[in-house]
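A short worksheet on the structure shown next.
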Amino acid sequence: MKVLIADKFETSGIEGLKAAGCEVVYEPDLKEDALAQAIASTAADVLVVRGTKVTTPMLDAGRLSLIVRAGAGYNTIDVAGASTRGIYVSNCPGKNAIAVAELAFGLILAVDRRIPDNVSALRAGTWNKKEFSKGQGLYGRTLALLGVGSIGQEMIRRAAGFGMRVVIWSRRFDGLDRPMNDDEARELGVEPALRTVDIDLAPTAADAAARGDVVSLHVALSAGTKQLVNAALLARMKPGAILVNTARGEVIDYAALAEAVKTRGIKVGLDVYANEPAAATAPFADPLVGLPGVYGTHHIGASTDQAQEAIAGETVRIIRSYKETGRVPNVVNLARRTPATHMLVVRHRDRPGVLAHVFNHLRQANLNVQETENIVFEGAEAAVARINLDGAVPSDLCQTIKTGNADVLDLQLVKL
């Protein structure tokens, strides 16, 4: 199996792939046309990327069957295009959660205590303790989390350490307005935090934001979260509250945020932006980051040695599983529900040609197989095939299939 790595990747991951028997082509600076050409010339089976965009021409350039996003978010990959071409897309969820949560809290502290401005003044030769002795402090204040996946869960643990109350909105708790219960805390792995601080659920994102002294964003980018933080939500935030975004730039209406900074004193910590440069180093201009009270980092949330080693290890696990078993962990583009309406259960002797006989008759009846599995009994003398179809098999066709091959023992049609 040939693996093309088109972004910076840990040496441990490259060595792990080689140890798994993969041929590795490491070209970390490939982009756009050059990447499409490399996919074609290498005939790679697997493409590994971090932030590099994967477009339709790249999907059509070669023989890719798996794309691994060495990280969590996969909005830079043409997932719909991959799906129509039968290409798996997989990611490494949760492996950078601690790193992103650490940066988010770093931004919170930097904004509250104006740490970058302190540093800048000292470097300029100015001592101004009077100006910088105005931090609000975090203890006893409320952290509002929009999204409570693996990163949000790490935020809860850290908030408890700072003595902050927590209020949550996420899709899994949408519409709920009450304290989190023990079962929910156990499911999220934040039981110790619940014993230390109050954790409440808010019915909407705007309700959560309205209760927070700090609002931190941890939602995936989707049609439902694009510009989730808009003028209406910002209007409900407390004047002078802190907004932190380490998720995706597109979840905020940045023009509305700039207005909120100017008129309502909203303070901001950003690691992501709506129009980030594609290259690792490039000119960058955004009027928002020049406003007082706005602090930014360079989309470095997952960029710790610990996180990158964990992501590399998960990437190796995914590719090794695909190579050795044909199964892909963490697939993001398989159908949650196929168009199948009926299941044909075929009990048969484990002999060559039995399933070919069944499938041939289904094809002639224009019945499409959506999913199938064949389970072999001990001794390998008999098996049961479960065949999900997009329509019902007529009774006369069932009889034809059953009587047309002596190794078909029984048939059953089940409506799904």
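State yes or no: is Glu371 charged (D, E, K, R) and more than 30 Å from Gly86 (Cα to Cα)? Answer is no for this residue.
Considering only residues in region 272-287 that are small (Gly, Ala, Ser) and under 23 Å from Val49 (Cα atoms), the one that is surrounded by the fewest Cβ atoms within 10 Å (Cβ to Cβ) turns out to be Ala282. Summed over region 381-416, the residues that are part of a helix (DSSP H, G or I) and open to solvent by less than 40 Å² (accessible area, probe 1.4 Å) give a count of 3. For region 315-374, the set of residues classified as assigned to a helix (DSSP H, G or I) and within 26 Å of the chain's Cα centre (by Cα) consists of Thr315, Val316, Arg317, Ile318, Ile319, Arg320, Ser321, Tyr322, Lys323, Glu324, Thr325, listed by residue number. If you filter region 160-181 down to residues that are assigned to a helix (DSSP H, G or I) and more than 21 Å from Ala220 (Cα to Cα), you find that the one that is most open to solvent (accessible area, probe 1.4 Å) is Gly161.
In this structure, is Glu276 out of contact with any Ser or Thr (no Cβ under 6 Å at 6 or more places or on another chain), charged (D, E, K, R) and at pLDDT below 95? Yes, satisfied.
Output the residue which, of all residues in region 1-22 that are in a helix (DSSP H, G or I) and under 18 Å from Gln306 (Cα atoms), is least open to solvent (accessible area, probe 1.4 Å). Among those residues, the one meeting the criterion is Gly13.
Residue count for region 321-358 under the criterion of being within 15 Å of Gln412 (Cα to Cα) and open to solvent by 70 Å² or more (accessible area, probe 1.4 Å): the result is 1. Listed by position, the helices (runs of 4 or more DSSP H) inside region 78-152 whose residues that are modelled with pLDDT of 95 or more and open to solvent by less than 70 Å² (accessible area, probe 1.4 Å) number at least 3 are 79-84, 97-113, 115-123. Of the residues making up region 288-320, those that are under 30 Å from Ala241 (Cβ atoms) and surrounded by fewer than 16 Cβ atoms within 10 Å (Cβ to Cβ) are Val289, Gly290, Leu291, Pro292, His298, Ile300.
Just to be sure, is Gly269 within 17 Å of Thr76 (Cβ to Cβ), in contact (Cβ under 8 Å) with a residue 40 or more places away in the chain and open to solvent by less than 10 Å² (accessible area, probe 1.4 Å)? Spelling it out, it is not the case that Gly269 is within 17 Å of Thr76 (Cβ to Cβ), in contact (Cβ under 8 Å) with a residue 40 or more places away in the chain and open to solvent by less than 10 Å² (accessible area, probe 1.4 Å). Scanning region 25-40 for residues being open to solvent by 40 Å² or more (accessible area, probe 1.4 Å), part of a helix (DSSP H, G or I) and either on the phi > 0 side of the Ramachandran plot or touching a helix residue (DSSP H, G or I) at 6+ places or on another chain (Cβ under 9 Å) (or both) gives a total of 4. For residues that are open to solvent by 30 Å² or more (accessible area, probe 1.4 Å) and assigned to a loop (DSSP other than H, G, I, E, B), scanning just region 182-199, find the one that is farthest from Tyr139 (Cα to Cα). Across region 182-199, the extreme among qualifying residues is Gly189. Here Leu288 fulfils each of the conditions (1) at pLDDT below 95; (2) of a type outside the set (D, E, K, R); (3) within 17 Å of Leu145 (Cα to Cα) apart from (3). Candidates in region 200-224 are the residues that are of a type in the set (Gly, Ala, Ser) and assigned to a helix (DSSP H, G or I); of these, the one that is farthest from Val332 (Cα to Cα) is Ala210. Residue pairs whose Cβ atoms lie under 6 Å apart, sitting 6 or more positions apart in sequence or on different chains, and linking a residue in region 43-72 that is on the phi < 0 side of the Ramachandran plot to a partner that is at pLDDT below 95 and among the hydroxyl-bearing types (Ser, Thr, Tyr), are Lys53/Thr76.
The values are calculated or read from the model by the stated rules, or taken from the named source; none is laboratory data. Quick caveat, the model's predicted, so the values are computed rather than measured. Because the Cβ atoms are built from the backbone with ideal geometry, glycine has one as well, and the counts that use them run over all protein chains shown. Accessible surface areas use protein heavy atoms only, side chains included; no ligands, DNA or RNA. Shrake-Rupley method; radii C 1.70, N 1.55, O 1.52, S 1.80 Å.
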